[in-house]
1. Looking at 109, 164, 176, 118, which one is outside the structural domain of residue 48 (by TED's automatic domain parsing) and touching a residue at least 60 places away in the same chain (Cβ under 8 Å)?
2. Looking for something touching a residue at least 24 places away in the same chain (Cβ under 8 Å) and closer than 20 Å to residue 200 by Cβ - is there at least one such residue anywhere in the range 255-263?
3. Does at least one position in the range 72-94 carry a residue that is closer than 26 Å to residue 158 by Cβ, part of a loop (DSSP other than H, G, I, E, B), modelled with pLDDT under 95 and over 21 Å from the mean Cα position of the chain (by Cα)?
4. Collect the residues in the range 139-156 that are outside any helix (DSSP H, G or I) and either at pLDDT below 95 or under 30 Å from residue 17 (Cα atoms) (or both), keeping them in residue-number order.
5. Answer yes or no as to whether residue 108 is within 26 Å of residue 238 (Cβ to Cβ) and surrounded by fewer than 19 Cβ atoms within 10 Å (Cβ to Cβ).
6. Examine the range 157-165 for a residue that is modelled with pLDDT of 95 or more and in contact with a strand residue (DSSP E or B) (Cβ under 7 Å, 6 or more places away or on another chain), and state whether such a residue exists.
7. Anything in the range 108-131 that is within 23 Å of residue 333 (Cα to Cα) and assigned to a strand (DSSP E or B)? List them, or say none.
């Protein structure tokens with residue numbers, strides 16, 4: 001049996017919930033799928049020692065503010081509770097846990113979603129799968145020879161397991177810095193390695209800085225290039241804790257090593273650091289494998305975007321991709337996507353031909 005619905009939303013993190021909110025307000029028929037067993041998006045997987053007060057850039061979702069919860073509580077708990085409350089408040093019936101295996105074209109101009117609970121034929125798709133399912137592991141010569149442990153921040157659960165160990169943290173983003181500050185308190189030795197020198201920024205991460213970061217990421221996806229993360233263009237905020245760590249040498253950055261050795265990491269000049277653990281804080285990539293049958297990627301390796309819509313196929317909107325990959329841009333992107341989807345569906349109903357509207361909208 002194939003279910004027929006106007007719009008499908010894949011993913012119920014911050015971007016997906018924003019889309020659901022505006023779809024509900026617009027009175028459009030839609031279904032929402034989420035891979036996780038409970039509310040919280042990627043935030044539910046954050047390590048328990050990452051408190052709300054240390055978390056980078058949590059912004060309100062449309063229609064309901066986060067409020068002022070206790071900043072000493074784990075961000076994973078606070079944000080998951082907020083997302084669950086949001087779903088209840090706006091009657092967002094998220095189907096979970098549901099896997100969407102593939103999205104393909106139907107002859108009548110609709111899209112076919114193959115999911116773990118059946119097939120859905122939809123007239124428009126808002127994809128908000130984010131990046132959490134695809135941690136990025138760069139390759140360096142000798143990685144397979146390392147006698148210690150490789151760990152990605154996707155699996156980091158706090159500093160306790162690093163007590164008394166020598167740890168190399170690779171990556172210059174906020175997650176890497178947050179983990180390093182925790183680990184340094186219990187580890188025998190820490191080394192921080194990044195590809196580029198860190199950019200330190202004084203002052204709070206406010207809406208003005210957030211909007212500027214979103215604009216820079218948007219420029220890349222309009223050109224069809226793979227998106228940079230929003231965090232990568234914001235710089236690293238200098239807090240009192242960061243300032244103390246810089247003064248003590250914990251945040252003394254070393255350039256990227258050349259290779260991994262059985263006992264640690266080594267540079268081209270012969271310098272070597274011994275290590276028991278290499279923590280790869282090297283980010284994530286967009287989880288879009290289920291869209292592969294649609295052949296959306298261009299020669300630049302990314303998907304060319306026109307706002308939230310795929311430039312070559314306005315039936316498909318990508319949220320949590322590029323500039324909407326954080327709560328900074330999620331609300332605005334959700335509103336924009338639903339506005340475009342509403343216009344597409346209105347045109348389809350007036351003509352009785354979704355395919356014709358798609359061709360026309362693509363120019």
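1. The unique qualifying residue is 176.
2. Within the range 255-263 (the criterion being touching a residue at least 24 places away in the same chain (Cβ under 8 Å) and closer than 20 Å to residue 200 by Cβ), the answer is yes, since at least one residue qualifies.
3. yes
4. Hits for the range 139-156 are 152, 156.
5. no
6. yes
7. Within the range 108-131, 111, 113, 122, 123, 124, 125, 126, 127 qualify.
Residues checked against (1) in contact with a helix residue (DSSP H, G or I) (Cβ under 9 Å, 6 or more places away or on another chain); (2) buried (at least 21 other Cβ atoms within 10 Å of the Cβ); (3) at pLDDT below 95:
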| position | (1), (2), (3) |
| --- | --- |
| 172 | yes, yes, yes |
| 190 | yes, yes, no |
| 200 | yes, no, yes |
| 226 | yes, no, yes |
| 237 | yes, no, yes |
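The values are calculated or read from the model by the stated rules, or taken from the named source; none is laboratory data. Keep in mind that this is a model prediction, so the values were computed, not measured. Neighbour counts run over all protein chains shown; Cβ positions are idealised from the backbone, glycine included.
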